[in-house]
Amino acid sequence: MPLASVEKDLDALTMTITADFPVPVRRLWDAYADPRQLERFWGPPGWPATFTRHDMFPGGYSQYYMTGPDGERSGGLWEFQSVDEGRSFVVRDGFAREDGSLNTDMPTMLMSFSFEETPEGSRVVSVTSFPSLEELEQLIEMGMEEGTKEAMGQMDAVLADLSSFAADLPASLQLIGDDQARVTRVIRGTVDQVWRAHHEPELVKRWLKGPDGWVMTVADLAQNVGDRYRQEWTREDGSDGFGFEGELIESQPPHREVTTESMTGAPGEPTRNELTLTPVEGGTLLSIVITFPDAATRKMILDTGMVDGMETSYARLEREVIGA
């Protein structure tokens, strides 16, 4: 990484880091927009980051933790103040407690990131603004400057890796901690198109059918937070059948929603499903973070071939809904 400069302005209470890369601006932007890529460089070597939430839209939040060599964790929380796609974003950055909430005993900072073209590729300029000189000095003493430089030094390898994040890849699975999983897929369509495909019953019935040979017979969707939803499927000949039901917990169209999900009639606690849609090169990055009741339930559900069934449905969404 050609690190152009690191400048601390004690009067303005800012630290500015500038870095240049031999890639287009869009490629550099997507490294920050895609949690799979961001977590490969945000934590410094020896302290890799895991993002359990990444809502890159105004009012959205990101939650992450960095894991040290002895298993210790340090959590962080971003609140997006503004997002100008492909050009800039601003976050309120703070430390997080174990439950993901803001640690008010530690300083918070305002971080702005701007992206621009250069003759050789692109440049990112990050400006961190501190609330006081004492807090600036405290965080510098904690290793913030060196840690940030080391973290950004990992970006070259991420930016050079085009094959892992291409738009034509099938749905991918990542296990997070003991009881979570993230399913990710770039859908060739706009955020609005993908959101509509998830929220208009007649569209949902056209693609959310899983493996070939099944049909969706019921798509009663939740419209408002607190509403219940119900979905049912049968084989094309009418045999067998199953369903899912749950509650809409959060909704921020067209970027994020959170639901619970249980198989109809099955005992046990529901899963919590967090859907996030983010514009990236090639379409919309669809990310679903699923929190299971426990590790055993996660293994049981994933072993059913759930992700393969999701990929079949997403390919059908592209082909029969967005591409129609």
### Dipole axis of the chain (+1 Lys, Arg; -1 Asp, Glu on Cβ), positive-most option in ILE140, PRO107, ALA266
ALA266
### Query
Which residue, GLN138, GLN63, GLN193, tops the fluctuation ranking in a GNM of the chain built on C-alpha contacts under 10 Å?
GLN138
### Query
Farthest toward the dipole's positive end in the stretch 3-165, which of ALA12, GLY68, PHE130, given Cβ charges of +1 (Lys, Arg) and -1 (Asp, Glu) about the Cα centre?
GLY68
### Message
Would any residue of the stretch 51-91 have its amide N under 16 Å from a label point 7 Å out along Cα→Cβ of THR104? List them or say none.
### Response
none
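Taking the Cβ of each residue in SER101, SER126, SER5, SER287 as the centre, tally the other Cβ atoms inside 10 Å and list the residues starting with the fewest. Intermediate values should be presented prior to the final figure.
On the way: SER101 12, SER126 15, SER5 9, SER287 24.
Final ranking by Cβ density, sparse to dense: SER5, SER101, SER126, SER287.
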### Listed peptides 153-165, 83-95 by packing density, highest first (mean Cβ within 10 Å)
83-95, 153-165
### Task
Net charge near TYR61: determine it from the other residues with C-beta under 10 Å of the C-beta of TYR61, scoring Lys and Arg +1 and Asp and Glu -1.
+1
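Helix-only mean residue ellipticity at 222 nm, the chain, DSSP H runs n ≥ 4 weighted -39,500 (n - 2.57), per residue, nearest 500. What is it?
About -6000 deg cm²/dmol.
Where the only charges are on Cβ atoms (+1 Lys, Arg; -1 Asp, Glu), what is the dipole of the chain about its Cα centre, to the nearest 20 debye? Kindly include the intermediate steps, with their values, before the conclusion.
Values: 28 positive and 56 negative charges, 180 e Å.
Charge dipole of the chain: 860 debye, to the nearest 20.
How would you order 172-178, 314-320 from highest to lowest mean count of nearby Cβ atoms within 10 Å?
Details: 172-178: 13.7, 314-320: 17.7.
The densest-packed peptide leads the list: 314-320, 172-178.
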#### Entry: Relative contact order of the stretch 274-314, pairs being alpha-carbon contacts under 8 Å that are 6 or more residues apart, as %
25 percent
### Task
Would you work out the charge dipole size for the stretch 172-322 about its Cα centre, treating the Cβ of every Lys and Arg as +1 and the Cβ of every Asp and Glu as -1, and quote it to the nearest 20 debye?
320 debye
### Query
Under 20 Å Cα-Cα from LYS299, which aspartates and glutamates qualify once same-chain neighbours fewer than 8 residues away are excluded?
ASP178, ASP179, GLU261, GLU269, GLU274, ASP308, GLU311
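Against the empirical 2.2 N^0.38 Å scaling, what ratio does the C-alpha Rg of the chain come to?
On the way: Rg = 21.2 Å, N = 324, 2.2 N^0.38 = 19.8 Å.
Computed over Cα atoms of the chain, the ratio equals 1.07.
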#### Entry: Protection proxy ranking, peptides 303-310, 183-190, average beta carbon neighbours within 10 Å, highest first
183-190, 303-310
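Computed from the coordinates by the stated procedures, all read-outs in this text should not be read as laboratory data. Everything quoted here is computed from the prediction, not taken from an experiment. Every residue, glycine as well, gets a Cβ built from its backbone with ideal geometry; the counts of neighbours run over all protein chains shown.
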